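Participant: To start, I am sharing the structure in question, which I have written as structure tokens.
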Amino acid sequence: MDSRNDVSEFLRSRRANVTPQQVNLIVGSNRRVPGLRREEVATLASVSVDYYARLERGNLTGVSEEVLEAIAHALRLDEAETAHLFDLARAAQPGPARRRAARPPELRPSLQRFLDAVTGAPTWVRNERMDFIAANPLGRALYAPLLADPVRPANSARFMFLNPEARTYFPDWDRGADDIVAVLRGYAGRKPHDRSLSDLIGELATRSDEFRTRWAAHNVRFHRTGIKRIHHPVVGDLELSYEAMELPANPGWTMFAYTAEPGSASDERLKLLASWAATATSELSASAALSD
């Protein structure tokens, strides 16, 4: 991943998304750009045109927080986009040689016990690379198609873009694909030298036109709460609300919990899925006992 190129394309793409009307600029009809011009962004941010042009060429070295805030305001960046701009600026600052990458955190038995204690809601943990780390039995049952992939670790992004079953499993496939790429793009801004992420991005960009197009859009967003629609192969259609919780003891890990509206069809199907998961677990345990 080329950091300067990422900065340049991100700023250009955000500039193209803002119309003069949105920032109360009166302009003529003879314009060659879909959004704002560089000089208009510079004026709105109270910096010189030359300075803004330098930033848009990808050079964020030495830029102050005040200027970044002004650029974010001029480009009407949302919270996730502003955080991404600051991450790109931090990555651009000179510093000591990069330290050897830390070993990935291990799953603590206490965390797995906690997940297993959550019995009424599918709950699972992923890292910033979208690797599936752990889940409770209901979470594993919900994501059975993803976990069926023999490639390990199971990965949500790889499943979304490389497994044809994903389009059936996720009825809102386009929206889900947009979300995954936007989250990965944000992570790339925070950790531009993560080799495992670079390898994943390279694999997906090589094998999926859908991913490559979305990656080039430079969209970023947070994935904190919302609605997830799933067509499960065992129980059918589910509409679930999710809440995301970061795990400070494991930086980069996020836990997701899904619930259904009480009394809804999804609620009944989720209970059916829990019953199916319990039966499958019992059968596996019995099979293991017989083989001992």
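Participant: Helix-only mean residue ellipticity at 222 nm, the chain, DSSP H runs n ≥ 4 weighted -39,500 (n - 2.57), per residue, nearest 500. What is it?
Facilitator: -15500 deg cm²/dmol
Participant: Measure off 7 Å from each Cα along the Cα-to-Cβ vector at ILE227 and ARG37, then give the distance between these two points in nanometres to one decimal.
Facilitator: Modelled inter-label distance: 4.3 nm.
Participant: Plugging the Kirkwood radius over Cα pairs into Stokes-Einstein for the chain, at a temperature of 10 °C and a viscosity of 1.306 mPa s, what D comes out in µm²/s?
Facilitator: Translational diffusion coefficient: 74 µm²/s.
Participant: Relative to the longest principal axis of the chain, what angle (0 to 90°, nearest 10) does the C-alpha long axis of helix 65-74 take?
Facilitator: The angle comes out at about 90 degrees.
Participant: Follow-up question, since we're still on this one. Just to confirm the number: angle between the C-alpha axis of helix 195-207 and the first principal axis of the chain, 0 to 90 degrees, nearest 10?
Facilitator: 90 degrees
Participant: What number results when the radius of gyration of region 3-92, computed over Cα atoms, is divided by 2.2 N^0.38 Å?
Facilitator: With N residues counted in region 3-92, Rg over 2.2 N^0.38 Å equals 1.02.
Participant: Can you give me the Rg/Rh ratio for region 141-292, using Cα atoms for both radii and the Kirkwood formula for Rh?
Facilitator: Using only Cα positions, Rg/Rh for region 141-292 is 1.00.
Participant: How many angstrom lie between the C-alpha centres of region 52-82 and region 4-18?
Facilitator: Spelled out, the Cα-based centre of one part sits 10 Å from the other.
Participant: How much FRET efficiency would the formula 1/(1 + (r/R0)^6) give for ASN30 and ARG76, where r is the Cβ-Cβ distance and R0 is 35 Å, rounded to 0.05?
Facilitator: After rounding, the FRET efficiency stands at 0.90.
Participant: Here is a follow-up. With contacts defined as alpha carbon pairs under 8 Å and 6 or more residues apart, what's the relative contact order of region 109-291 in percent?
Facilitator: 22 percent
Participant: Ok, one more. Taking the Cβ-Cβ separation of ARG12 and SER110 as r and a Förster radius of 51 Å, what is the calculated FRET efficiency to the nearest 0.05?
Facilitator: Taking R0 as 51 Å, the efficiency between ARG12 and SER110 is 0.65.
Participant: By counting other Cβ atoms within 10 Å of each Cβ, how are TRP253, TRP276 ranked from fewest to most?
Facilitator: TRP276, TRP253
Participant: In the chain, if the dipole is taken from +1 on Lys/Arg beta carbons and -1 on Asp/Glu beta carbons about the Cα centre, which of GLN93, PHE159, ALA45 is farthest to the positive end?
Facilitator: GLN93
All of the numbers you see were taken from the coordinates with simple rules; none came from a lab. Since we're looking at a predicted model, the values are computed, not measured. Here Cβ is always computed from backbone atoms with ideal geometry, including for glycine, and neighbour counts include all displayed protein chains.
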